[in-house]
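*Asks:* Below is a structure I'd like to ask you about.
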Amino acid sequence: MIPYGSQWLNDQDIDAVVEVLRSDFLTQGPQTPKFEQKLAAAVQCRAAVVTNSATSALHVACLALEVGPGDLVWTSPLTFVASANCALYCGASVDFVDIEPSTGNMSVDALQQKLALAKPQNRLPKVIIPVHFAGAPCDMREISQLARSYGISVIEDASHALGARYGETIVGDCSYSEITVFSFHPVKMITTGEGGCLCTNDQKLEQKARLLVSHGITKSADEFNKTEADPWWYEQHSLGFNYRMTDIQAALGISQLTKLADWVERRNQLITRYQRMTEKLPIEWLTVDEQRLCSYHLAVIKVSPDHRRPLFYWLRQHNIGCQVHYIPIYQQPYHAQSSQYWPRCEAFYRQIISLPLFPRMTNAEQDEVVKVLEEYF
Ligand SMILES: *Cc1c(COP(=O)(O)O)cnc(C)c1O
């Protein structure tokens with residue numbers, strides 16, 4: 001089976017992990033802050049805070065922005081459930097903004113209309129979470145302008161978009177948001193096994209996030225309430241969690257990050273090659289604005305709804321590990337809501353299949369995927 005996505009680890013990665021295993025610190029040692037510095041430098045933000053998953057980072061991001069009971073959070077319906085669950089963890093409610101059919105990203109028009117309707121009803125969200133679907137940056141200029149004009153904060157769920165660019169900016173530099181979140185799950189752009197991070201330029205948000213990731217406990221004397229503290233003293237200032245990344249994971253992340261630029265380039269090459277080789281087939285590729293660099297976490301195609309299910313089965317039968325990203329969140333039993341409110345997401349869902357795409361994919365493997373597609377049509 002050619003998988004839809006796959007990590008790529010080499011001896012350099014394995015040596016980096018083994019070195020930590022032989023060292024004094026498995027967690028809370030020197031690797032974690034080093035990885036944070038490398039990440040912050042890579043995406044040009046003031047601070048990165050690493051976590052044990054992007055899900056944890058989204059939770060902490062919402063808490064740092066003071067999302068709580070009675071609040072509303074809006075995200076895309078076409079995303080992994082974690083983009084919505086983070087609001088529910090805080091006791092807030094979640095609602096969805098319909099998508100743009102050409103990209104699968106949050107629609108600016110739909111957002112504008114929904115905000116205009118919500119305002120007179122006093123139902124404005126506290127936070128909006130756009131998701132850079134498949135690695136293509138959302139219309140961040142417009143989304144952030146709208147959010148600012150209504151006094152709403154923005155968290156970018158950039159789980160797919162490490163290495164992506166938006167105009168002159170890098171996704172993660174938070175030019176258009178308070179916080180940006182990345183995932184290091186094995187199918188994402190780089191991996192630490194499980195892992196994630198949040199990026200911000202706001203020192204207060206960084207401080208809050210750091211506390212929340214580690215039990216709400218601070219060990220720095222300059223933050224203590226107590227004066228003249230003894231050397232064993234530490235203080236809990238908020239109700240935090242153990243969402244820490246280990247040094248084992250951070251060492252892997254540092255090593256993986258050195259390959260990011262090459263991998264983004266290879267993913268783009270493979271997509272260009274896919275598009276060229278499938279020109280004559282009745283499939284449609286998502287579009288990416290020419291001012292943006294897509295990291296291409298996923299290779300999403302659209303086919304007519306009549307073909308989606310049979311083509312999916314055909315690909316799987318022929319050992320092509322395709323997937324569907326995503327089942328709209330409102331279709332999940334836990335989140336169940338009528339699909340009528342998000343007609344564009346509903347139509348999009350009925351057309352999409354994710355084809356195999358990963359940096360280590362060979363041209364021969366790609367030829368095989370295209371051959372199976374051709375045979376179907
Ligand atoms: C993978 C993913 C997450 C969750 O990432 P984890 O690191 O697995 O917690 C959140 N949002 C989106 C859009 C994702 O694809």
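*Asks:* What aspartates and glutamates sit close enough to K226 to cross-link, taking a C-alpha to C-alpha distance under 13 Å and skipping anything fewer than 8 places away on the same chain?
*Replies:* Counting by Cα, and skipping residues close in sequence, K226 has these aspartates and glutamates nearby: E235.
*Asks:* Explain nothing, just compute: Karplus ³J(HN,Hα) = 6.51 cos²θ - 1.76 cosθ + 1.60, θ = phi - 60°, for every residue of the stretch 52-61 in order, whole Hz, x for Gly and Pro.
*Replies:* So the Karplus estimates, Gly and Pro as x, are 7, 5, 5, 4, 4, 4, 5, 4, 5, 4 Hz.
*Asks:* Considering only S177, S149, S56, give the residue with the highest GNM mean-square fluctuation for the chain, with springs between Cα atoms whenever their separation is below 10 Å.
*Replies:* Judging by the Gaussian network model, the answer is S149.
*Asks:* Right, here's the next one. Within the chain, what percent of beta bridges assigned by DSSP are antiparallel, to the nearest 5?
*Replies:* That works out to approximately 65 percent antiparallel.
*Asks:* Here's something else I'd like to know. Give the residue list of chymotrypsin sites (Phe, Trp or Tyr not before Pro) in the stretch 122-229 that are DSSP loop and have at most 16 other beta-carbon atoms within 10 angstrom.
*Replies:* Here the chymotrypsin sites (Phe, Trp or Tyr not before Pro) that fit, given the DSSP loop and packing criteria, are Y150, F224.
*Asks:* With the Cα gyration tensor of the stretch 153-279 giving a ≥ b ≥ c as the square roots of its eigenvalues, does the rule (a/c under 1.5 for rounded; else a/b larger than b/c for prolate; else oblate) give rounded, prolate or oblate?
*Replies:* prolate
*Asks:* Ranked highest first by average number of other Cβ atoms within 10 Å, how do 25-33, 252-260, 121-129 line up?
*Replies:* Taking the mean over residues of other Cβ atoms within 10 Å, the ranking is 252-260, 121-129, 25-33.
*Asks:* To the nearest 20 debye, what is the magnitude of the charge dipole of the stretch 277-377 about its Cα centre, counting +1 on the Cβ of each Lys and Arg and -1 on the Cβ of each Asp and Glu?
*Replies:* Dipole about the Cα centre, nearest 20: 320 debye.
*Asks:* Can you tell me which of Y330, Y341, Y296 moves the most in a GNM of the chain? Springs connect C-alpha atoms under 10 Å apart.
*Replies:* Checking each option, the largest mean-square fluctuation is seen for Y341.
*Asks:* Extension gain I14-E365, at 0.36 nm per residue separation less the Cα-Cα distance, in nm?
*Replies:* 123.8 nm
*Asks:* Once the cut-off is 34 Å, how many percent of the Cα-Cα pairs in the chain end up in the long-distance tail?
*Replies:* 29 percent
*Asks:* Now a separate question. When only Cα pairs under 8 Å and 6 or more residues apart are kept, what is the percent relative contact order across the stretch 257-342?
*Replies:* Once normalised by length, the contact order is 19 percent.
*Asks:* Pairs of alpha-carbon atoms within less than 8 angstrom and 6+ residues apart define the contacts here; what relative contact order does the chain have, in percent?
*Replies:* Dividing the mean separation by the residue count of the chain yields 23 percent.
*Asks:* Compute the Cα gyration tensor for the stretch 73-120, then decide on rounded, prolate or oblate, letting a ≥ b ≥ c be the square roots of its eigenvalues: rounded whenever a/c is under 1.5, prolate when a/b is larger than b/c in the other cases, and oblate in all that remain.
*Replies:* In terms of gyration-tensor shape, oblate.
*Asks:* Enumerate the calculated ³J(HN,Hα) couplings along the stretch 112-117 in order (Karplus 6.51 cos²θ - 1.76 cosθ + 1.60, θ = phi - 60°), each rounded to whole Hz, writing x wherever the residue is Gly or Pro.
*Replies:* 4, 5, 5, 5, 4, 6
*Asks:* Sticking with this structure for a sec: Residue by residue, what Karplus-based ³J(HN,Hα) values in Hz, rounded to whole numbers, does the stretch 214-230 have, using 6.51, -1.76 and 1.60 with θ = phi - 60° and x for Gly and Pro?
*Replies:* Taking θ as phi minus 60°, the curve returns 10, 6, x, 9, 10, 10, 8, 4, 6, 9, 5, 6, 6, 8, 6, 6, 6 Hz for the stretch 214-230.
*Asks:* Hey, another quick one. Can you compute the FRET efficiency between Y313 and N242 using 1/(1 + (r/R0)^6), with r the Cβ-Cβ distance and R0 = 56 Å? Round to the nearest 0.05.
*Replies:* Calculated value: 0.85.
*Asks:* Let me ask another. Between Q145 and E375, what FRET efficiency follows from the Cβ-Cβ distance if R0 is 41 Å, with the result rounded to 0.05?
*Replies:* My answer for the efficiency is 0.30.
*Asks:* In addition: For S339 and K38, what does the FRET efficiency come to when R0 = 56 Å and r is the distance between their Cβ atoms, rounded to the nearest 0.05?
*Replies:* Efficiency computed from Cβ-Cβ geometry: 0.85.
*Asks:* Return the subset of K34/K259; K38/K259; K126/K188; K126/K208; K114/K188 for which the Cα-Cα distance in this structure is over 21 Å, preserving the input order.
*Replies:* K126/K188; K114/K188
*Asks:* Using 0.36 nm per residue of separation minus the Cα-Cα distance, give me the extension gain between L26 and A116 in nm, one decimal.
*Replies:* 27.4 nm
Readers should treat all values here as calculations from the given coordinates under stated rules, not as data from a laboratory. Predicted, not measured: the structure shown is a model, and the values here were computed from it. All Cβ positions, glycine included, derive from the backbone under ideal geometry; neighbour counts span all protein chains shown.
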